[in-house]
Amino acid sequence: MDDPPARPPARPPSTGAPGVGAPATGAPEVAVVGAGLVGCLLACFLARRGHAVTLYERRPDPREAGAGRSRSINLAISERGIDALRRVGLDETVLKAALPMPGRMMHAPDGTLSFQPYSADGRRAINSISRSALNRTLLDAVDAFPGVRLRFRHRLTTLDPETGRMEFDTPGGPAAAVAPVIIGADGAGSAVRARLQTRPGFNLHQEYLDYGYKELTIPARAGDFALDPGALHIWPRGRSMMIALPNPDRSFTCTLFWPERELAELDTPAKVERAFAENYPDAHALIPDLAADYALNPIGHLVTVRCEPWTVLGRAAVVGLIGDAAHAIVPFYGQGANCGFEDCVELDRCLAETGDDYAAALLLYENRRKGNTDTIARLALDNFVEMRDKVASRAFLARKRAEHLLERALPGRYASRYELISFSTVPYAEVERRVTRQRRWAAVAALAAAGMSAWAGATLRNRLRPEEPGPPGRGRSRTGRRPRAERR
Ligand SMILES: Cc1cc2nc3c(=O)[nH]c(=O)nc-3n(C[C@H](O)[C@H](O)[C@H](O)COP(=O)(O)OP(=O)(O)OC[C@H]3O[C@@H](n4cnc5c(N)ncnc54)[C@H](O)[C@@H]3O)c2cc1C
């Protein structure tokens with residue numbers, strides 16, 4: 001079964017990749033593989049440009065009755081994601097269903113709580129959003145564009161980057177389609193990337209963390225939130241941790257991050273109950289169906305994917321990668337989806353700059369984004385150590401307080417890394433350059449301050465030192481000043 005192309009084939013190229021350039025009349029035809037968060041948002045951006053888009057998704061339409069609304073699983077959306085949504089007019093709709101979290105709430109082993117605001121003024125918040133609700137909102141937005149076609153239950157099995165021919169598994173049997181532009185938005189285990197990987201010159205680096213994760217639910221208690229909904233809750237325990245984000249239905253989704261081997265050892269209800277009672281006693285009391293919930297939910301794995309190139313120019317097609325397919329990262333900076341949404345903004349910008357020449361635009365987009373996504377991949381890994389271990393330490397709290405103090409004292413001139421990553425759209429790599437400059441500057445200022453105070457201390461000590469008798473015949477003390485009696 002062959003799916004008919006969405007539009008007549010695009011006209012010859014403007015960038016040397018046959019059949020890929022923007023047509024003089026009519027829009028380019030684009031196949032986006034994966035209707036997850038990034039694929040849907042990308043389809044909105046492309047459709048807004050008037051391009052014909054076909055979205056292929058292996059799953060059934062999640063909006064259909066019976067597609068299963070299962071558990072609440074959420075993620076945190078911050079400024080980069082909101083900025084991208086704003087550009088397609090979806091920010092308000094999405095934020096209406098979100099719960100702002102202006103800080104993190106630390107849960108000590110003895111149940112003591114301490115709140116750390118994310119920003120100096122305590123007002124800026126990251127937003128807890130239901131992943132499936134966000135996907136449905138994006139699908140509705142995609143559906144509203146006449147130039148977009150959705151093909152659910154189409155699992156890409158193979159693709160030829162030279163010709164743009166794709167093959168799918170569908171409930172009705174194998175299907176095929178051809179497109180001059182194919183963009184893989186099919187997540188960390190991307191089938192599109194797997195096809196590019198077989199070509200010489202394609203580099204792939206995958207790094208699995210030796211930690212797994214489990215999602216659990218703290219249900220609403222007497223119709224209300226069991227914990228403060230205005231915070232991202234963290235149970236830092238050194239080698240492991242648990243976090244919880246609030247849901248609009250007043251439940252919390254907890255994610256437990258434990259070393260894989262230790263997770264595997266929790267293989268009986270009694271062991272699970274004991275591990276929770278020991279490590280998270282306050283949360284343990286709030287999860288009545290803990291053992292059943294634990295047994296039901298699978299262990300997830302955490303991977304960082306770095307690959308290049310993201311763009312392959314074939315004889316009659318161009319293939320690109322976006323979102324997790326290009327750069328899956330671990331979730332500890334809450335940036336995976338935010339970063340993928342930012343990809344869409346950059347690709348849209350590159351299309352505008354190249355006159356909708358996909359080959360040129362995808363190369364430009366890759367060139368601009370790769371360094372940034374490598375940076376956030378590294379920061380996300382570093383932040384795991386911070387979240388599970390350092391957030392509870394006195395040194396960390398003192399550093400946060402000092403950062404907020406500087407942010408208040410030097411507004412617009414000093415901003416912490418967290419602030420720049422979560423509450424700005426400054427490119428990730430530029431954030432790192434800026435943080436390095438600020439640290440250097442702060443170190444110089446601290447040295448200068450230390451020098452000043454040493455000098456002031458020495459001066460003061462000298463002044464307060466009891467007068468010594470001067471050498472015979474000379475009426476001056478060691479300070480070079482005449483003895484007090486002489487001065488009078
Ligand atoms: C535990 C956890 C917590 C996270 N928390 C956050 C957070 O707080 N904030 C944040 O910004 N990010 C977070 N992330 C990261 C975020 O989930 C991802 O970065 C984001 O979902 C990537 O979107 P995507 O569309 O690129 O990929 P995906 O969401 O994986 O979507 C890919 C889509 O492609 C489809 N697909 C796959 N293969 C095929 C195929 N062969 N044919 C057709 N379709 C296919 C899939 O069904 C899916 O719909 C978290 C991730 C994890 C694991």
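I'd like to verify a number: residues in the stretch 70-98 that are polar (S, T, N, Q) and part of a loop (DSSP other than H, G, I, E, B), how many? Walk me through how you get there before you give the answer.
Going residue by residue through the stretch 70-98, those that are polar (S, T, N, Q) are 70, 72, 74, 78, 93.
Applying the additional criterion that residues be part of a loop (DSSP other than H, G, I, E, B) yields 70, 72, 78.
Number satisfying all stated conditions: 3.
Just to be sure I understand, how many residues within the stretch 171-201 are surrounded by 18 or more Cβ atoms within 10 Å (Cβ to Cβ) and within 13 Å of the ligand (Cβ to nearest atom)?
If we filter the stretch 171-201 for residues that are surrounded by 18 or more Cβ atoms within 10 Å (Cβ to Cβ), which is where we start, we get 175, 177-188, 190-193, 195-196.
Then drop every residue that is not within 13 Å of the ligand (Cβ to nearest atom), which leaves 175, 177, 182-188, 190-193, 195.
Within the stretch 171-201, residues that are surrounded by 18 or more Cβ atoms within 10 Å (Cβ to Cβ) and within 13 Å of the ligand (Cβ to nearest atom) number 14.
Here are Ala402, Ala415, Ala409, Ala395: which of them is surrounded by fewer than 10 Cβ atoms within 10 Å (Cβ to Cβ) and within 23 Å of Gly122 (Cα to Cα)?
Working: Ala402 fails: surrounded by fewer than 10 Cβ atoms within 10 Å (Cβ to Cβ); Ala415 fails: surrounded by fewer than 10 Cβ atoms within 10 Å (Cβ to Cβ); Ala409 fails: surrounded by fewer than 10 Cβ atoms within 10 Å (Cβ to Cβ).
Result of the check over Ala402, Ala415, Ala409, Ala395: Ala395.
Inspect the stretch 99-117 for any residue being within 14 Å of the ligand (Cβ to nearest atom), touching a residue at least 12 places away in the same chain (Cβ under 8 Å), part of a strand (DSSP E or B) and of a type in the set (D, E, K, R) and give the result as yes or no.
Of all residues in the stretch 99-117, those within 14 Å of the ligand (Cβ to nearest atom) come to 99-101, 104.
Restricting the remaining residues to those that are touching a residue at least 12 places away in the same chain (Cβ under 8 Å) gives 99-101, 104.
Those left that are additionally part of a strand (DSSP E or B): 99-101, 104.
Subsequent filtering for residues that are of a type in the set (D, E, K, R) retains 104.
Yes: the stretch 99-117 contains one or more residues that are within 14 Å of the ligand (Cβ to nearest atom), touching a residue at least 12 places away in the same chain (Cβ under 8 Å), part of a strand (DSSP E or B) and of a type in the set (D, E, K, R).
Which condition number does Arg123 fail, the rest of (1) touching a helix residue (DSSP H, G or I) at 6+ places or on another chain (Cβ under 7 Å); (2) at pLDDT below 95 being met?
(1) is the only condition that Arg123 fails.
In the stretch 299-329, which residues are more than 8 Å from the ligand (Cβ to nearest atom) and farther than 28 Å from Pro180 by Cα?
Answer for the stretch 299-329, where residues must be more than 8 Å from the ligand (Cβ to nearest atom) and farther than 28 Å from Pro180 by Cα: Ile299, His301, Val303, Thr304.
Restricting to the stretch 137-150, what's the tally of residues that are within 13 Å of the ligand (Cβ to nearest atom) and touching a strand residue (DSSP E or B) at 6+ places or on another chain (Cβ under 9 Å)? Break it down into steps so the answer makes sense when it comes.
At the first step, the residues of the stretch 137-150 found to be within 13 Å of the ligand (Cβ to nearest atom) are 138-139, 142, 150.
With the extra rule that they be touching a strand residue (DSSP E or B) at 6+ places or on another chain (Cβ under 9 Å), the set shrinks to 139, 142, 150.
Adding up the residues that qualify gives 3.
For Pro248, indicate whether it is over 19 Å from Met387 (Cα atoms), under 26 Å from the mean Cα position of the chain (by Cα), away from the ligand (no atom under 11 Å from the Cβ) and modelled with pLDDT under 95. Full working, then the answer.
Working: over 19 Å from Met387 (Cα atoms): yes; under 26 Å from the mean Cα position of the chain (by Cα): yes; away from the ligand (no atom under 11 Å from the Cβ): yes; modelled with pLDDT under 95: yes.
Criteria met by Pro248.
Give me a count of the residues in the stretch 202-213 that are under 21 Å from the mean Cα position of the chain (by Cα) and surrounded by fewer than 20 Cβ atoms within 10 Å (Cβ to Cβ). Walk me through it before giving the result.
To start, the set of residues in the stretch 202-213 that are under 21 Å from the mean Cα position of the chain (by Cα) comprises 204-213.
Next, from what is left, pick out any that are surrounded by fewer than 20 Cβ atoms within 10 Å (Cβ to Cβ): 204-210.
Total meeting the criteria: 7.
Of all the residues that make up the stretch 408-427, how many are within 26 Å of Ala84 (Cα to Cα) and assigned to a helix (DSSP H, G or I)? Steps first, answer last, please.
Here is the first cut: in the stretch 408-427, the residues within 26 Å of Ala84 (Cα to Cα) are 411-427.
Cutting the leftovers down to assigned to a helix (DSSP H, G or I) gives us 417-422.
Final tally of qualifying residues: 6.
Please give the number of the condition Ala398 fails out of (1) assigned to a helix (DSSP H, G or I); (2) in contact (Cβ under 8 Å) with a residue 12 or more places away in the chain.
Checking Ala398 against (1) assigned to a helix (DSSP H, G or I); (2) in contact (Cβ under 8 Å) with a residue 12 or more places away in the chain, the one that fails is (2).
Show the residue pairs meeting these rules: Cβ distance below 9 Å; 6+ apart or different chains; first residue within the stretch 130-155 and outside the structural domain of Val94 (by TED's automatic domain parsing); second residue within 12 Å of the ligand (Cβ to nearest atom) and hydroxyl-bearing (Ser, Thr, Tyr).
none
For Met105, only one of the following conditions fails: (1) modelled with pLDDT under 95; (2) surrounded by fewer than 24 Cβ atoms within 10 Å (Cβ to Cβ). What is its number?
(1)
Sort out for me the strands (runs of 3 or more DSSP E) sitting completely within the stretch 269-370 that have 3 or more residues that are crowded, with 24+ Cβ neighbours inside 10 Å and touching a residue at least 12 places away in the same chain (Cβ under 8 Å). Let's see the steps before the verdict.
On the way: elements: 300-308, 311-313, 318-321.
In the stretch 269-370, the matching strands (runs of 3 or more DSSP E) lie at 318-321.
Output the qualifying pairs, or none if there are none: Cβ atoms under 8 angstrom, residues six or more apart or on different chains, first residue in the stretch 189-214 and farther than 21 Å from Arg165 by Cα, second residue among the acidic types (Asp, Glu).
Taking only residues 6 or more apart or on different chains, the pairs are Asn203/Glu308; Asp210/Glu260; Tyr211/Glu260; Gly212/Glu260.
So, in the stretch 154-170, of the ones that are more than 14 Å from the ligand (Cβ to nearest atom) and among the charged types (D, E, K, R), which residue ends up farthest from His301 (Cα to Cα)?
The first filter runs over the stretch 154-170 and keeps only residues more than 14 Å from the ligand (Cβ to nearest atom), leaving 160-165.
Cutting the leftovers down to among the charged types (D, E, K, R) gives us 160, 162, 165.
Details: Asp160: 29, Glu162: 33, Arg165: 32 Å.
Of everything passing the filter in the stretch 154-170, Glu162 is farthest from His301 (Cα to Cα).
Going by the conditions given, is Asp121 more than 10 Å from the ligand (Cβ to nearest atom), assigned to a helix (DSSP H, G or I) and either among the acidic types (Asp, Glu) or under 20 Å from Gly230 (Cα atoms) (or both)? Lay out the reasoning, then the answer.
Working: more than 10 Å from the ligand (Cβ to nearest atom): yes; assigned to a helix (DSSP H, G or I): no; either among the acidic types (Asp, Glu) or under 20 Å from Gly230 (Cα atoms) (or both): yes.
Judged against the criteria, Asp121 is not a match.
Among the strands (runs of 3 or more DSSP E) lying completely within the stretch 168-229, list those that include at least 1 residues that are charged (D, E, K, R). Show your work before the answer.
On the way: elements: 173-178, 181-184, 203-218.
Hits in the stretch 168-229: 203-218.
The values are calculated or read from the model by the stated rules, or taken from the named source; none is laboratory data. What you are looking at is a predicted structure, and each value in this text was computed from that prediction instead of being measured. Backbone-built Cβ (ideal geometry, glycine too); neighbour counts: all protein chains shown.
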